[in-house]
Amino acid sequence: MARLPIRLYQAGFGPLFGKRLLLLHHTGHLTGLHRRVVLEVIAYERDGDRLAWTVASGFGPTAAWYQNLRHSPRVMIQFGNLRYAATACFPPPEDGGEIMVRYAAAHPRLARRLCSLMGFDSDGSDADVRGVGSSIPFVRLETTPPTRGRVAAGWLPRPRR
């Protein structure tokens, strides 16, 4: 079941997820192999042709995908049916607090559930949510214009022999 969203993206059903989820293609830092994970979009920004998504590592800095991005920040994002070449940036903890406050204002029930799942006790106040957000590793994925369904050249890892 955990792999079902990946299969749905691969079958062309990415638009079903709207702007809530994205499929992140990345490189395994130990294996060099192509990896995929579906992540919830915490924030989405558009400035002309430049796009940016913010995602959170709910399982902390030891999550495999997060570690992979730390070692190899060049990734490909599938959002709906479009694919984008992107680079991962890592905001400092104080920015994470502000990101979480904005997310909690837009999605209060989801924010409380997310805090609970990650083991944080939150009363929902801005100060409390800000403290939780400063403990969560966030990743900002900054893109170049869409590749219109084609994979950006050079981003995919080559299998090891």
Filtering the stretch 20-53 down to residues that are modelled with pLDDT of 90 or more and either part of a loop (DSSP other than H, G, I, E, B) or over 17 Å from the mean Cα position of the chain (by Cα) (or both) yields Arg20, Gly28, His29, Leu30, Thr31, Gly32, Leu33, Val41, Ile42
Looking across the stretch 84-97 at residues that are closer than 21 Å to Leu22 by Cβ and assigned to a helix (DSSP H, G or I), the single one that is most open to solvent (accessible area, probe 1.4 Å) is Asp95
The lone condition Arg70 fails out of (1) under 20 Å from Leu30 (Cα atoms); (2) outside any helix (DSSP H, G or I); (3) at pLDDT 80 or above is (2)
Only unsatisfied item for Asp49, checking (1) touching a residue at least 60 places away in the same chain (Cβ under 8 Å); (2) touching a helix residue (DSSP H, G or I) at 6+ places or on another chain (Cβ under 6 Å); (3) open to solvent by 40 Å² or more (accessible area, probe 1.4 Å), is (2)
For the stretch 52-77, pairs from a residue that is over 26 Å from Ala104 (Cβ atoms) and open to solvent by less than 10 Å² (accessible area, probe 1.4 Å) to a residue that is among the charged types (D, E, K, R) and part of a strand (DSSP E or B), with Cβ under 6 Å and 6 or more apart or across chains, are Met76/Arg83
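The values are calculated or read from the model by the stated rules, or taken from the named source; none is laboratory data. Bear in mind the structure is a predicted one, so any value in this text is a computation, not a measurement. As a convention, Cβ positions derive from the backbone with ideal geometry for all residues, glycine included, and neighbour counts pool all protein chains shown. These accessible areas exclude ligands, DNA and RNA; they are computed on the full protein's heavy atoms, side chains included. Shrake-Rupley method; radii C 1.70, N 1.55, O 1.52, S 1.80 Å.
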